[in-house]
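The values are calculated or read from the model by the stated rules, or taken from the named source; none is laboratory data. Because the structure is a prediction, the values reported are computed rather than measured. For neighbour counting, all protein chains shown are included, and Cβ atoms are generated from backbone atoms with ideal geometry for every residue, glycine included. What goes into the accessible areas is simple: the full protein's heavy atoms, side chains included, and nothing from ligands, DNA or RNA. Shrake-Rupley method; radii C 1.70, N 1.55, O 1.52, S 1.80 Å.
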Amino acid sequence: MMSQTNVFMLVVIVVLACSAKVWSSFLACKAFGISARDAIPLGVLMNTKGLLALIVIGIGRDVQALDNVTYPAMVIVFVVMTSL
C-alpha cells in the first residue's frame with residue numbers, strides 16, 4: 001500500500017509533467033505567432049495523446065500481442081520519448 005507521501009509525490013509529478021507539456025506547447029506557439037487561445041488547447045491535446053498510446057500498449061499486452069519482456073520495454077521507451 002502506498003503511503004500519503006508517495007501519493008503526494010505521484011500527484012506532484014503528474015501535475016508537473018502535464019503542465020510542462022502545456023507550457024512548452026504554449027511557448028512554441030507564441031514563438032511562431034499562434035494565439036494563446038489555440039496554444040493552450042494544443043498543450044492539453046498533447047497530454048491526451050500520451051495517455052492513448054499507453055492504453056493501446058496495455059491492450060496489446062491484454063490480448064497477448066506483447067510478451068512480458070516487450071511490454072515493459074515499450075512502456076519505458078514511451079516514457080523516455082514523452083519526457084524528451
* Name the residue farthest towards the positive end of the dipole of the chain from the options Leu54, Asn68, Ala39, assuming +1 on Cβ of Lys and Arg, -1 on Cβ of Asp and Glu, about the Cα centre. => Ala39
* Over the chain, give the accessible area per residue in Å² for a 1.4 Å probe, as an integer. => 79 Å²
* Structure fact -> Averaged over all viewing directions, the convex hull of the alpha carbons in the chain casts a projected area in nm² of 7.2 nm²
* To do: Have a look at Val15, Gln4, Val77 and report the one farthest towards the positive end of the charge dipole of the chain, computed about the Cα centre with Cβ charges (Lys/Arg +1, Asp/Glu -1).
  => Val15
* Asked: Using a probe of 1.4 angstrom, how much of the accessible area of the chain is carbon and sulfur, in percent?
  -> 75 percent
* With a 1.4 Å probe and all protein chains in place, put Arg61, Arg37 in order of accessible area, largest first. => Arg37, Arg61
* To do: Could you work out the relative contact order of the chain, using alpha carbon pairs under 8 angstrom and six or more residues apart, expressed as a whole percent?
  => 20 percent
